1. Can you grab the distance from the C-alpha centre of region 212-229 to the C-alpha centre of region 141-210, Å, no decimals?
2. Using the heavy atoms of the protein chains and a 1.4 angstrom probe, tell me the accessible area per residue for region 91-229 in square angstrom.
3. Would you list SER82, SER10 from the most to the least accessible area, probe 1.4 Å?
4. Answer with a single label: of [x] 19.3; [y] 20.0; [z] 18.2, which was calculated as Kirkwood radius over Cα pairs in Å from the structure in view?
5. Round to a whole number: what % of the accessible area of region 161-229 belongs to carbon and sulfur, probe 1.4 Å?
6. Just to confirm a number: summing +1 for Lys and Arg and -1 for Asp and Glu over residues other than HIS146 whose beta-carbon lies under 10 angstrom from that of HIS146, what do you get?
7. Suppose only helical runs count, i.e. DSSP H with n ≥ 4. What mean residue ellipticity at 222 nm does that imply for the chain under -39500 (n - 2.57) per run, divided by all residues and rounded to the nearest 500 deg cm²/dmol?
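The values are calculated or read from the model by the stated rules, or taken from the named source; none is laboratory data. These numbers were taken from a predicted model, which means no experiment stands behind them. All Cβ positions, glycine included, derive from the backbone under ideal geometry; neighbour counts span all protein chains shown. Areas reflect the complete protein model, heavy atoms only, side chains present, ligands, DNA and RNA absent. Shrake-Rupley method; radii C 1.70, N 1.55, O 1.52, S 1.80 Å.
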Amino acid sequence: MSADTLNLFSQPTARWFKDALGVPTKVQEDTWPAIASGHPVLVSAPTGTGKTLSAFLVFIDRLYAMAQEGTLKEELYLIYVSPLKSLAGDIRENLNRPLDGIRHEMERLEGAVHMAGSVCLDIQVGIRTGDTPQKDRQRMVKHPPHILIITPESLYLMLTSMTGQKVLRTARAVIIDELHALIDTKRGAHLMLSIARLDRLCERPLQRIGLSATIEPLELAAAYLSPEP
């Protein structure tokens with residue numbers, strides 16, 4: 001089952017995962033095909049089961065494939081919403097490992113000299129919280145990241161500004177972390193309204209991936225995450 005699941009990915013991504021992490025967890029095996037299908041996905045599992053990478057790896061693989069093809073634009077593709085500012089930096093550090101590892105595998109397989117001369121393999125990651133300096137916010141408008149890590153409050157503020165909307169309007173998918181901490185709260189209701197506004201801004205329903213500690217009932221949590229079946 002593990003080997004079959006890794007077949008969803010390009011050779012560099014699959015090889016990096018095998019070398020760095022071995023075999024996928026059960027959560028990752030179940031999650032990757034569901035995310036690859038393009039439908040909303042709720043991932044509910046205990047801490048330490050690989051939920052974060054289960055959410056990100058399909059998108060990282062696709063971004064690198066686009067970069068290799070020369071079709072990757074300087075625009076936002078994926079939004080990761082973290083309810084805690086303290087988690088944002090940790091997530092960025094956790095992203096660096098697969099980003100750097102897969103890029104190294106691509107360069108090694110294709111030939112570093114050839115790749116460096118023809119294709120830019122840099123996937124840009126940005127963070128937007130209440131602590132983000134103004135100069136970094138302005139830079140983000142001119143040079144949007146491919147992946148944006150953001151808090152619910154900062155997402156709302158970006159949706160209320162023309163410059164923020166310019167960055168957000170190209171997004172394809174949104175990952176919502178710590179969903180169990182948001183359900184049944186005013187903050188969570190406000191975030192879901194922001195994501196509904198995001199759908200309208202992008203002129204399409206974004207794929208929604210929710211990450212949660214073990215939560216029950218799953219059907220109610222899934223309905224909260226996405227209005228689609």
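1. Using only Cα atoms, the two centres lie 18 Å from each other.
2. Numbers: 7400 Å² over 139 residues.
Ligands and nucleic acids excluded, the result is 53 Å² per residue.
3. On the way: SER82 0, SER10 45 Å².
In descending accessible area the options line up as SER10, SER82.
4. Given [x] 19.3; [y] 20.0; [z] 18.2, the structure-derived one carries the label [z].
5. Numbers: 2190 of 3710 Å².
Carbon plus sulfur share of accessible area: 59 percent.
6. On the way: positive: LYS73; negative: GLU74, GLU75, ASP122.
That works out to -2.
7. Numbers: 11 runs with 128 residues, N = 229.
Calculated mean residue ellipticity at 222 nm is -17000 deg cm²/dmol.
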